[in-house]
């Protein structure tokens, strides 16, 4: 990690003292353990060695041609970092240096990512319990996945997806629109369900989809990569019907469901190009459905 990068990070974080005893106790519980997060075209291996928490990612390619990101964990050299109270699921994103660098803040957790070199990520974690730590690591991985997947011509998509036959049907919409509800309805009928929260769109021989490791209400996602048959934007209504919409509206709906990237000015040109490619390959329709 270069010196200037570290200095920038130090200058942007607050002044809460890290509890050294906490690190000692935590290290005894987790040292030597490895955690893997697979995202299909790349995997994240978090090796929690003695004296946690400095993560420097590096990308490599194995003999099968698959790409991986391997964070290495060390004790943070930073004594202080910004603290924001709230639920373990709470987080916020700030930007520095004209939007080039992203700082991710969560409960007892801060990280910094250089958007021009997303292979590098730095994390500082403070005093917390195991449950909170797990939630914060997952929140970071969600954001980090959204930033690095485009390198593999893939994108996180806030959606649920169901496999019917050999194809996938993708359901998306605002929070509370019914993505998990739809997923559970199909699951109860015996259909395989991909993630009911975040899936991965893949531009390879057309447009395909696979589950991410990030789930909401279902316990396990269906494995595999499937060609997409239909996109449905969900709207709760008093009756069930499908509505055709304009290309402009299709673009707006897709934009709202590309997490992380749609909130970062640095990626706007890339994201609009991606949306154009999606609607060229598959039309988006609105599925109005009754709660029952």
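Here is the size of segment 237-292 from its Cα atoms: Rg then Dmax, 13.6, 42 Å. Exposure proxy ranking for 143, 286, based on other Cβ atoms within 10 angstrom of each Cβ and starting from the fewest, stands as 286, 143. Expressed as a fraction of 2.2 N^0.38 Å, the C-alpha radius of gyration for segment 154-289 is 0.98.
For the pair segment 230-260 / segment 263-282, the C-alpha centres are spaced 16 Å from each other. Counting beta carbons within 10 Å around each of 207, 149 and listing the fewest first gives the order 207, 149.
Using the Cβ-Cβ distance between residue 151 and residue 235 with R0 = 30 Å, the FRET efficiency computed as 1/(1 + (r/R0)^6) comes to roughly 0.35.
Throughout, read-outs are computed from the coordinates displayed, never taken from laboratory work. No experiment lies behind these values; they were computed from the predicted model shown. Note that each Cβ is placed from the backbone with ideal geometry, even for glycine, and that neighbours are counted across all protein chains shown.
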